Every structure is written in C-alpha cells, then in structure tokens.
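Enquirer: Please find one structure pasted underneath; my questions will follow.
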Ligand code: HEC
C-alpha cells in the first residue's frame, strides 16, 4: 500500500513531467511553424541571384520566374516548393534546401499574393 505522502509526491512529479512535455511540444511547434520573415532572409541569400524575390516582375535577362509569378500559380504551396527544390530544380542544384527552409520560403512567396 502506498501512503498518502507518496501518492501526493507522485502526482506532483507527474504534473511536472506533463508541463515539461507540453513545453517541449510547444517549442517543436514553434520551430516547424512556417515563418515568412525567415523565408525572405533565406531567399535573399540563396534565390535572389537568379529570381526577383521582391514581388516585382522578372528582371531583364533573368530566365528564372519572379517570385510574384510563382505566387500567382494556383497550385503553389509549401509541399510543392519542397518537392521542386529537392528533385526538380536543376539550375540551382537539387536538394540544397531542407523541407523546413522550403516551408519558410513558401510562406514568404505566398505573402507576396496579398500585395
Ligand atoms: C542558379 C540560379 C537559380 C537559383 C539560385 C534558384 N533558382 Fe529557382 N529557377 C531558376 C531557373 C532558371 C528557373 C526556370 C527553369 C526551371 O524551372 O527549371 C527556376 C524555377 C524555379 C521555380 C519554378 C518551378 C516550376 O516548375 O514552375 C521555383 C518555384 C523556384 N525556381 C524556386 C527557387 C527558390 C525558392 C530558390 C532559392 C531557395 C531558387 N529557386 C534558387 C534558377 C535558380
């Protein structure tokens, strides 16, 4: 038989463990949430040499579509961008961008739609 003190101590420990688990889950959620600001920074470093990333039209002499054009594609979304960048983006080299980074860049591209 467990005495009352042991039961209370166990319950306290359990609720602490629950709080820690909830905090970890919240952190994970934060880390995986798509962030347009971070996406813009990634795009400046890694896409802007070929794409116009500022929401304007394609620049002269650039073969890459402007991000504003990509944003207008009805089918555009984060998954599609991740797949394109992983497997089907030969000019840059495939697989250079993680799915998480692609999610952030996609959030930035989608944000250009509202302009
Ligand atoms: C070295 C130049 C270069 C870099 C760097 C580059 N791209 Fe591209 N990208 C291109 C060219 C050229 C095309 C058009 C030809 C093609 O689709 O393969 C293109 C096409 C695309 C398309 C359209 C694909 C489609 O099927 O409609 C997307 C989306 C895209 N790029 C996203 C990105 C993102 C996001 C980055 C940065 C992480 C990036 N690109 C970096 C040159 C580049």
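Enquirer: Considering each residue of region 77-96, count those that are in contact with a helix residue (DSSP H, G or I) (Cβ under 6 Å, 6 or more places away or on another chain) and at pLDDT 90 or above, and give that number.
Expert: Final tally of qualifying residues: 4.
Enquirer: While we're on this one: Could you run through region 69-103 and say how many residues are in contact (Cβ under 8 Å) with a residue 40 or more places away in the chain, within 10 Å of the ligand (Cβ to nearest atom), part of a helix (DSSP H, G or I) and more than 17 Å from residue 58 (Cβ to Cβ)?
Expert: We begin by selecting, within region 69-103, every residue in contact (Cβ under 8 Å) with a residue 40 or more places away in the chain; these are 71-72, 78, 91-92, 96-97, 100-101, 103.
Filter again for within 10 Å of the ligand (Cβ to nearest atom), leaving 71, 91-92, 96-97, 101.
With part of a helix (DSSP H, G or I) added as a condition, the list becomes 71, 101.
Still in the list and also more than 17 Å from residue 58 (Cβ to Cβ): 101.
The total comes to 1.
The values are calculated or read from the model by the stated rules, or taken from the named source; none is laboratory data. Predicted, not measured: the structure shown is a model, and the values here were computed from it. Reconstructed Cβ throughout: ideal geometry from the backbone, glycine too, with neighbour counts over all protein chains shown.
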